[in-house]
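A.B. asks: Let me begin by handing over the structure; questions about it come next.
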Amino acid sequence: MKFVYDFHEGNKDLKDLLGGKGANLAEMTNLGLPVPPGFTITTEACKQYLQNGTHAEGLTSEIDEHLAELENAMGRRLGDPSDPLLVSVRSGAKFSMPGMMETVLNVGLNDESVAGLSRQAGGNDRFAWDSYRRLIQMFGKTVCDVPGEEFEDALHDAKQAKGVKDDVQLDAEDLRALVGAYKKVFVKHTGHEFPQDPRDQLDQAIEAVFRSWNADRAVLYRRQERIPADLGTAVNVVAMVFGNLGSDSGTGVAFTRDPGSGEQGIYGDYLANAQGEDVVAGIRNTLSLTELERLDKKSYDELLQIMATLEGHYRDLCDIEFTIERGKLWMLQTRVGKRTAAAAFTIAAQLIDEGVIDLDEALTRVTGAQLAQLMFPRFDLSSEPSAITRGIGASPGAAYGEVVFTAQRAVELAAEGKQVILVRRETNPDDLPGMIAAQGILTSRGGKTSHAAVVARGMGKTCVCGADDLEVGPSSFTVGNVVVNEGDVISVDGTTGRVYLGEVPVRPSEVVQYFEGELDPADTDNPLVAAVHRIITHADEKRRLNVRTNADTGADAARARRFGAQGIGLCRTEHMFLGDRRELVERLILARTDAERDDALAALQPLQRADFLEIFREMNGLPVTIRLIDPPLHEFLPSLEELAVRVAVQHEHGQHVEHDEQLLAAVRRMHEQNPMLGLRGVRLGLVIPGLFAMQVRAIAEAAVALAAEGGNPRPEIMVPLVGAVQELETVRAEAEKIIAEVAGDSGGVDILIGTMIEVPRAALTAGQIAEAAEFFSFGTNDLTQMAWGFSRDDVEGAFFWRYLELGIFGISPFESIDADGVGRLVKIAAEEGRAARPGLKLGICGEHGGDPDSVHFFHQVGLDYVSCSPFRVPIARLEAGRAAV
Ligand code: ADP
Ligand code: MG
Ligand code: MG
């Protein structure tokens, strides 16, 4: 097996083997762009090293060969005292992991070759000593784990001793002395001298880059970004070019379009007389590329030409790292660049217009997650508020409110009708009530998988976490010299992670205005809206999956329809039993005779019929799946504690209120240890005579009523929690009888009868169940709970953060379908259901219906539709289109 590739041998499609950086360096080399010569050691070599703790067989001699070739090409030998070749040793994994892994520059310098380097540079001692001190610093930090601050302190001391502020004000003598100081730091921490043998430096640096794959921060980053842990990193060994040779040299980064807004036109930063990371580190203020044009027109023109070449070649926005050595431009890196959600859509549309990509490809350039970001309300930043700090945008949204520091205070103030932001160092399960009460959450510790982040995302609540320059006290927090006390108002932006003092006004996003029909895409000069319109329209043309919505009211149904829903996949009837109607439900539960029960049901029936009629009207012509009542009936009664207290107080006053006593007795009788697994769903229909019948009759009558108005109702009755075909058969027989009765001589309306698949047994006996069902709808929330054996309401706040930290799952299985386990049940049921009843209609109505990854899974499994909350409908449309191209 070959472990080392010269830049001439690779290409951009070899990212698995050469990493992103190596593959693209090779691509640029083969395009004839000015890349310093070098070679790439493969990810495979890294994997073997990490597994065995030593180099793969043959690797060392391959490195020897390629190093010799590099030396020949450059006409210099590595670390030659009189005329040294220097190299950089750079990590580069398949997926970019910014700042996670390591790079060592100037490898090959030692006490002797530093003089040779100076001669090479025309007697530039300052440059040579500056390069040497950088090597010791980077090598010490990266290869030998010397704390970086120690070097920074020494540099700081040197500047202070001289009374200067800027690195460039240190002269050759100062830097030579600094090298001495750095070497002492090195010995102090490692117990040995800084290695003088250039080849030894190179080998150690290569091994350090291999090891950096498993550094804590890299492991954590991969978990957060869901990057597989076993890919390994490649190592690039590149001949050094120098941006620190004087004012005619420098280093910079550039983008071929603005990665923030997507606007056309180049964009970048340049730093004269600097090397490597100085640009990102923000040591000195950078210059814009326009200023580079003034300083060095020739290099600037060449850079522009190269950017055009790269865009043409990659057919996308590219970002670039370059260095200018005495007026000669060198390319050190490129890749298809990261961008904001808005830029992703805008750039995709530009590229269509430029004839670079077609609409199908445009669909692959954007994601549902990006569209979701564009749909959150945003702060109106026209007053240009300045952020007091910035953390990790962990759960998007824009929220403002009074600052509180305890969950209890959050609950108290929320009860007074106030908006609050809960600020904590970190949150734990005890904070849950406060998190629910708050508009937003801000923490100073923890990343995207911290408790605060996971729970907030689960609740759809705005959260910024890990704002680590925040000092959180018991009744105030400080950031820099700003003190924020309890009761002060702040605004937090869960998308950008920014935190503002005071109330920043919020406005609905333009993309939502477009979906609402308030912004006409043909008529707007907003390029983002126009881009979203074009791309989602194409997704609609391409997708095979239909998208329905979960809606229980006419208003929700109407909004979802504006957002593009093609029907209702889940209408929950229990929401129609709340409010004033609770009393009727109580009467039903307390009924002692058939007559009393029938009375209660008869009172509920017209109310239900009116609800259904309203929904059928809004969804006229489109299918509406109505789920018969699902939750345990005691959920409609007051809690046991509440009633027990009420009755005890009555007794104390010598009163006996019969209704309350009966209710208490009923609640006691109906109490369940585990309501999730108790008397609910189809079981209610089989045990409580007349309950399902009432609902079926209301549905059938509402449908007939709409048809009589000239409408086109398309009801589908869905039976929840079925585990055995016999359950469904019993309910179905009764329902069909009622539907026929309602139809009478009029002929009635076609009503499908189907079931949810949400109990594992139903999935495993789907072939039998399909005999009695005209459709299946996968209830993936319950199916997930029951397949994993954990209750969703109890686990997310209690221990999911820990499971995510441990990598037991990369994302909550309630957020994104667990394809291996729960997904397997879906697959089995889909296949066996369709085998038993060809053409069986299959849908999904859990939260997963609006989750991008899950939508792709459901497309692959061959479902007919997904159903999700109204706001997720556009996201599902887009992802269903993406799944189909
Ligand atoms: P990262 O992956 O963190 O961007 P890089 O490997 O790209 O790390 O190295 C960081 C910087 O070091 C580069 O942007 C470049 O400025 C500098 N650098 C790397 N290799 C060389 C080289 N051969 N010559 C000059 N500068 C280099
Ligand atoms: Mg880089
Ligand atoms: Mg369910």
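A.B. asks: With a 10 Å radius around each residue's Cβ, average the other Cβ atoms per peptide and rank 355-365, 108-118, 849-859, 480-490, highest first.
C.D. replies: 849-859, 108-118, 355-365, 480-490
A.B. asks: Another question about this same structure. Which lysines, on any chain, are close to LYS159 with Cα under 23 Å apart, when same-chain ones fewer than 8 places away are left out?
C.D. replies: LYS159 reaches LYS141, LYS183, LYS184, LYS188.
A.B. asks: Please list, in order, the residues from region 91-122 whose amide nitrogen is less than 19 Å from a point placed 7 Å along the Cα→Cβ vector of ASP145.
C.D. replies: 100-104
A.B. asks: Which of the trypsin sites (Lys or Arg not before Pro) found in region 1-100 are in a DSSP loop and have at most 14 neighbouring Cβ atoms, other than their own, within 10 Å? Spell out each step's value before the answer.
C.D. replies: Numbers: sites: LYS2, LYS12, LYS15, LYS21, LYS47, ARG76, ARG77, ARG90, LYS94; in loops: LYS2, LYS12, ARG76, LYS94.
Within region 1-100, the qualifying trypsin sites (Lys or Arg not before Pro) (loop, at most 14 other Cβ atoms within 10 Å) are LYS2.
A.B. asks: I would also like to ask the following. Which of PHE405, PHE612, PHE563 comes first, and how do the rest follow, when ranked by fewest Cβ neighbours within 10 Å?
C.D. replies: Listed from fewest to most nearby Cβ atoms, that is PHE405, PHE563, PHE612.
A.B. asks: Tabulate in residue order the Karplus-calculated ³J(HN,Hα) for region 52-65, using 6.51 cos²θ - 1.76 cosθ + 1.60 with θ = phi - 60°, rounded to whole Hz; enter x for Gly and Pro.
C.D. replies: 9, x, 9, 5, 4, 4, x, 5, 4, 6, 5, 4, 3, 4
A.B. asks: Once amide H atoms are built 1.01 Å from N in the peptide plane, which residues 5 or more positions from LEU332, or in another chain, come under 5 Å H to H?
C.D. replies: GLU321, PHE322, THR323
A.B. asks: For a quick check: with amide H placed at 1.01 Å from N, whose amide H comes under 5 Å from ARG378's, ignoring anything fewer than 5 positions away on the same chain?
C.D. replies: Sorted by chain and number, the residues that satisfy this are ARG507, SER509.
A.B. asks: Based on the Cβ-Cβ distance from ASN285 to ASP525, what FRET efficiency comes out when R0 is 45 Å, to the nearest 0.05?
C.D. replies: Calculated transfer efficiency: 0.85.
A.B. asks: Now for a different question. Label-point separation (nm) for GLU658 and ARG119, each offset 7 Å from Cα along Cα-to-Cβ?
C.D. replies: A separation of 11.4 nm, rounded to one decimal place.
A.B. asks: Here's another thing I want to ask about it. Where a ≥ b ≥ c are the square roots of the eigenvalues of the C-alpha gyration tensor, would you call region 377-507 rounded, which needs a/c under 1.5, or, failing that, prolate if a/b is larger than b/c, or oblate?
C.D. replies: Working: a/c = 1.20, a/b = 1.17, b/c = 1.02.
In terms of gyration-tensor shape, rounded.
A.B. asks: Would you please give the FRET efficiency between ASP153 and ALA415, computed as 1/(1 + (r/R0)^6) with r the Cβ-Cβ distance and R0 = 45 Å, to the nearest 0.05?
C.D. replies: Calculated transfer efficiency: 0.30.
A.B. asks: Fully extended, how many nm does the chain gain between ASP540 and VAL164 (0.36 nm per residue separation, minus their Cα-Cα distance)?
C.D. replies: 129.1 nm
A.B. asks: Report, in deg cm²/dmol and to the nearest 500, the calculated mean residue ellipticity at 222 nm for the chain, where each DSSP H run with n ≥ 4 adds -39500 (n - 2.57) and the sum is divided by the residue count.
C.D. replies: Calculated mean residue ellipticity at 222 nm is -14000 deg cm²/dmol.
A.B. asks: Percent relative contact order of region 1-140, based on C-alpha pairs within less than 8 angstrom and at least six residues apart?
C.D. replies: Here the relative contact order equals 20 percent.
A.B. asks: Please give the net charge around ALA565, taking every other residue with its beta carbon less than 13 angstrom from that of ALA565, where Lys and Arg add +1 and Asp and Glu add -1.
C.D. replies: Summing Lys/Arg as +1 and Asp/Glu as -1 gives +3.
A.B. asks: Now, a different point. Going 7 Å from the Cα of ASP230 in the Cα-to-Cβ direction, what parts of region 31-69 have a backbone nitrogen less than 19 Å from that spot?
C.D. replies: Within reach of a label on ASP230, which here means backbone N under 19 Å from a point 7 Å along Cα→Cβ, region 31-69 contributes 42-54, 56.
A.B. asks: A follow-up question, please. Taking the Cβ-Cβ separation of ARG507 and GLU57 as r and a Förster radius of 41 Å, what is the calculated FRET efficiency to the nearest 0.05? Before the final figure, lay out each step's value.
C.D. replies: Numbers: r = 63 Å, r/R0 = 1.53.
The value I calculate is 0.05.
A.B. asks: Related question: Hey, any idea what the orientation-averaged projected area of the convex hull of region 520-657's Cα atoms comes to, in nm²?
C.D. replies: 13.6 nm²
A.B. asks: Please report the relative contact order for region 188-316, taking Cα pairs under 8 Å with a sequence separation of at least 6, and give it as a percent rounded to a whole number.
C.D. replies: Relative contact order of region 188-316: 14 percent.
A.B. asks: With the contact rule set at Cα under 8 Å and sequence spacing of 6 or more, what percent relative contact order holds for the chain?
C.D. replies: This gives 9 percent for the chain.
A.B. asks: Could you pull out every one of the lysines with an alpha carbon less than 23 Å from that of LYS461, ignoring same-chain neighbours closer than 8 positions?
C.D. replies: LYS461 reaches LYS418, LYS448.
A.B. asks: What full-extension length gain, to one decimal in nm, is calculated for LEU607 and ASP745 as 0.36 nm per residue of separation minus the Cα-Cα distance?
C.D. replies: 47.2 nm
A.B. asks: Continuing with the same structure: Looking at the chain, send over the antiparallel percent of its DSSP beta bridges, to the nearest 5.
C.D. replies: Antiparallel: roughly 60 percent of the beta bridges in the chain.
A.B. asks: Could you list the trypsin sites (Lys or Arg not before Pro) in region 648-706 that lie in coil according to DSSP, counting only those with at most 14 other Cβ atoms within 10 Å of their Cβ?
C.D. replies: Those that pass, being in a loop and sparsely packed, number zero.
A.B. asks: Now a separate question. Using the structure shown, list the pairs from LYS298/LYS328; LYS15/LYS338; LYS15/LYS328; LYS737/LYS841 with a Cα-Cα distance above 19 Å, or answer none.
C.D. replies: With Cα atoms farther than 19 Å apart: LYS15/LYS328; LYS737/LYS841.
A.B. asks: Follow-up question, since we're still on this one. What list do you get for ASP197, ASP80 if you sort them by fewest beta carbons within 10 Å?
C.D. replies: Final ranking by Cβ density, sparse to dense: ASP197, ASP80.
A.B. asks: Dimensions of the chain along principal axes (Cα, Å, largest first)?
C.D. replies: Cα spread of the chain along its principal axes, largest to smallest: 107, 64, 57 Å.
A.B. asks: Taking the Cα-to-Cβ direction at ASP111 and at ARG668 and moving 7 Å from each Cα, how far apart do the two end points lie in nm?
C.D. replies: My value for the distance between the label points is 9.1 nm.
Values quoted throughout were computed directly from the atomic coordinates according to the rules given, and no laboratory measurement underlies them. Source: prediction; values computed, not measured. Cβ: placed from backbone, ideal geometry, glycine included. Neighbour counts: every protein chain shown.
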